[in-house]
Amino acid sequence: MSLIGTKIIDFKLDGFHNNMFIEVENKDFLGKWSVLVFYPGDFTFVCPTELEDLAHYYKDFQAIGCEVYSCSTDSHYVHKAWFDTSPSIAKIKFPMLADPAGVLSRSLNVLVEGPWQALRASFVINPRGEIVAFEVNDMGIGRSAKDLLRKVKAAQYIEENGGEACPANWEPGDDTLTPGIDLVGKI
């Protein structure tokens, strides 16, 4: 079952952000674009490379009005300990959400219950709290923050320019497509 067009569930999670413990709720996703990035666990190997990559592009996400949230089944206490000890994680400026009960990760079908870890999953959420794009990878396959940023820009463009479509590898300023009878068989 596709999650495209579904609203994110009601939730309230603890998190770590700006060296403080915080609470984040689903309502915090409303009124702005959001990216929710699940990863298997703190103090692991691929995860810090991905989160450091996101930290590198975080200002670019903010510049287009998009907040980034990372999330794992670790507690917010573990997030702080990881932040305090890992040079890669110390670069993070976005909120790190804690889902130790697996409520949010289970609702998005990314929780692997045996090890109680989330798959590598990225969700692009529009200002109405609806999922407009998502990607789910196995635990050993890292993602690209640059491509995730491109997907958010494409989703924003489509939202603002209904009836148009962004072709493969589309970047802002590139030509778009206007689906219709005149385009059939011409590409």
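The values are calculated or read from the model by the stated rules, or taken from the named source; none is laboratory data. Predicted, not measured: the structure shown is a model, and the values here were computed from it. Neighbour counts run over all protein chains shown; Cβ positions are idealised from the backbone, glycine included.
Only one of the numbered conditions (1) under 16 Å from Ala98 (Cα atoms); (2) under 16 Å from the mean Cα position of the chain (by Cα) is not met by Ile22, and that is (2).
Here the condition is being out of contact with any Gly (no Cβ under 6 Å at 6 or more places or on another chain), under 25 Å from Glu25 (Cβ atoms) and of a type in the set (D, E, K, R); of Lys146, Lys186, Lys151, it holds for Lys151 alone.
If I ask for residues that are among the charged types (D, E, K, R) and part of a helix (DSSP H, G or I), which ones from segment 39-60 would you list?
Result: Glu50, Glu52, Asp53, Lys59, Asp60.
Working carefully through the options Gly102, Gly129, Gly114, find the one that is under 27 Å from Ile9 (Cβ atoms) and under 15 Å from the mean Cα position of the chain (by Cα).
Working: Gly102 fails: under 15 Å from the mean Cα position of the chain (by Cα); Gly114 fails: under 15 Å from the mean Cα position of the chain (by Cα).
Residue meeting the stated conditions: Gly129.
For segment 130-167, a tally of residues being of a type in the set (A, V, I, L, M) and part of a strand (DSSP E or B) returns 5.
Would you confirm whether or not segment 108-123 contains a residue that is surrounded by 15 or more Cβ atoms within 10 Å (Cβ to Cβ), closer than 26 Å to Phe45 by Cβ and either β-branched (Val, Ile, Thr) or at pLDDT below 95 (or both)? Yes: segment 108-123 contains one or more residues that are surrounded by 15 or more Cβ atoms within 10 Å (Cβ to Cβ), closer than 26 Å to Phe45 by Cβ and either β-branched (Val, Ile, Thr) or at pLDDT below 95 (or both). Of everything listed in (1) surrounded by fewer than 16 Cβ atoms within 10 Å (Cβ to Cβ); (2) in a helix (DSSP H, G or I), the single unmet condition for Phe83 is (1). Considering only residues in segment 29-74 that are of a type outside the set (Val, Ile, Thr), surrounded by fewer than 16 Cβ atoms within 10 Å (Cβ to Cβ) and out of contact with any Lys or Arg (no Cβ under 8 Å at 6 or more places or on another chain), the one that is farthest from Gln117 (Cα to Cα) turns out to be Ala63.
If you filter segment 142-155 down to residues that are without any contact (Cβ under 8 Å) to a residue 40 or more places away in the chain and farther than 21 Å from Leu104 by Cβ, you find that the one that is surrounded by the fewest Cβ atoms within 10 Å (Cβ to Cβ) is Asp147. Scanning segment 81-111 for residues that are in contact with a strand residue (DSSP E or B) (Cβ under 7 Å, 6 or more places away or on another chain), over 20 Å from Ser2 (Cβ atoms) and free of Cβ contacts under 8 Å to residues at least 60 places away in the same chain yields a count of 1.
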